[in-house]
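Novice: The structure follows.
The values are calculated or read from the model by the stated rules, or taken from the named source; none is laboratory data. Quick caveat, the model's predicted, so the values are computed rather than measured. Reconstructed Cβ throughout: ideal geometry from the backbone, glycine too, with neighbour counts over all protein chains shown. Remember, those area values only see protein heavy atoms, side chains included, never the ligands or the DNA or RNA. Shrake-Rupley method; radii C 1.70, N 1.55, O 1.52, S 1.80 Å.
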Amino acid sequence: MKKSICLFIIIIFISACTPSSNLESSQNTIEKGVSLSPRSYSSEDFTSFFAKAQETGTIISWAGDWNELQNVESGAPAVVMVLAETYSYTPIIEVQFFQQSEQKLLRPLNEDNLQSYKELTKEFVKKYNPPYLGIGIEVNILYESSSEDFEIYASFYNQLYDEIKEISPETKVFPIFQLERMKGLKGGLFGGENNEKNNEWDLLTKFPKADAIGFTSYPGLIYSEPTEIPEDYYLEIKNYTNKPIFFTEVGWPASLDIEGWQSSEEEQAAFVERIFLLIKDTNTEFIIWSFLYDQETEEPFKSLGLIDKEGNEKLAFETWKSS
């Protein structure tokens, strides 16, 4: 059975059996949440994810291949939109068109594919009026591999922005950058070198119509201890934009056995405490922890979850809840 069919069955079950919850508004000015990251996509685990995610904040995000917008009835982004009312969270939808790890486009940015992306987006927006829509994830990595493709994307983004606003003026549309690389920090577990003179902040000027600027941030790729992260690490963003900031992915591993980069649950929890301190004087609107449950992915991201694959809460789970 295809995943979309499974999700369609699950959404019917959840909507019929689960009463709408009445989450209280966060006491913090910075909202928080997690990405769609269940233990599995079985009906039980999928339902349990949304119930458990209520403890972590008021946001659930979905990020994936742009083409997944085409299933407007039972695809994953559609499910995240539909269940938002049932579980009283704000949905964040983020679409991607290239693979960051391989620095490879999912499909060429030719006229036909761009037109398809546009039509899928407009149909999805017409149906759901999403409050937040990220167009492109860690796009500065695309710039590093192909400035030509990046320019095509940036031009398309600004055109699509206007068309989205015609349909849903309230939708906040934004691009997403990888913060460490934006700063010129490509050493550590990235395997390159840190040179802040090679920063990429000027790319922000390519998006004059962005309602906000999104960032993913994994300081653990650069620093081996949370205490090593500079006090002005996130404050620097204010030097380059006065727009609202969305942290669409943040995380720190709870278990890592790489020489010089070993980590633990205690260290993960310490990072949670530190990042909230470091962003408190920024223009941050929301922050999303990458995974609620550990996911099957590559190191050093396998243990990023606030809960392990067996369902055991890590120390960072409570720290995140209380931050």
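Novice: Checking the table 32/104; 126/206; 32/314; 238/314 against a 29 Å threshold on Cα-Cα, which pairs fail?
Specialist: Working: 32/104 31 Å; 126/206 26 Å; 32/314 18 Å; 238/314 33 Å.
Long pairs (Cα-Cα over 29 Å): 32/104; 238/314.
Novice: What part of the accessible area of the chain, given as a whole %, is carbon or sulfur when the probe is 1.4 angstrom?
Specialist: Details: 6480 of 14140 Å².
So the carbon and sulfur contribution to the accessible surface is 46 percent.
Novice: Out of the DSSP beta bridges found with both residues in the chain, what percent are antiparallel (nearest 5)? Provide the component values of the computation, followed by the final result.
Specialist: On the way: 5 of 39 bridges.
For the chain, the DSSP antiparallel bridge percentage is about 15.
Novice: Something else now. Please work out the average accessible area per residue across segment 34-189, using the 1.4 Å probe convention, and give it in Å². Could the numbers behind the result be given before it?
Specialist: On the way: 5710 Å² over 156 residues.
Solvent-accessible surface per residue comes out at 37 Å².
Novice: Find the relative contact order for segment 182-313 and round it to a whole percent, using C-alpha pairs within less than 8 Å whose residues are 6+ positions apart.
Specialist: Working: 200 pairs, mean separation 27.8, N = 132.
Relative contact order comes out at 21 percent.
Novice: Which whole number of Å³ per residue matches the convex hull of the alpha-carbon atoms in the chain?
Specialist: Numbers: hull volume 42.6 nm³, N = 323.
Taking the convex hull of the Cα positions in the chain, it is 132 Å³ per residue.
Novice: When only DSSP loop residues count, what trypsin sites (Lys or Arg not before Pro) in segment 229-282 have their Cβ near at most 13 other Cβ atoms within 10 Å? Before the final figure, lay out the partial values.
Specialist: Working: sites: 238, 274, 280; in loops: 280.
Within segment 229-282, the qualifying trypsin sites (Lys or Arg not before Pro) (loop, at most 13 other Cβ atoms within 10 Å) are 280.
Novice: Another question about this same structure. So if each residue of separation counts as 0.36 nm, and I subtract the Cα-Cα distance between residue 205 and residue 162, what length gain in nm does that give?
Specialist: Values: separation 43, 0.36 × 43 = 15.48 nm, distance 1.70 nm.
Between residue 205 and residue 162, full extension yields an extra 13.8 nm.
Novice: Sorted by mean Cβ packing within 10 Å, highest first, what order do the peptides 291-299, 187-195 take? Show your work: numbers first, answer last.
Specialist: Details: 291-299: 16.6, 187-195: 13.4.
Top of the packing list down: 291-299, 187-195.
Novice: What figure, in Å² to the nearest 10, do you get for the accessible area of residue 181 with a 1.4 Å probe and non-protein molecules left out?
Specialist: For residue 181, the solvent-accessible surface is approximately 30 Å².
Novice: Another question, if that's okay. So what is the orientation-averaged projected area of segment 165-286, using the convex hull of its C-alpha atoms, in nm²?
Specialist: For segment 165-286, the mean projected area of the Cα convex hull comes to 8.4 nm².
Novice: Could I ask something else about it? With each label point set 7 Å from Cα along the Cα-Cβ vector, what nm distance links residue 309 and residue 40?
Specialist: 1.1
Novice: Right, here's the next one. Using alpha carbon centroids, what distance separates segment 45-91 and segment 255-292, in Å?
Specialist: 23
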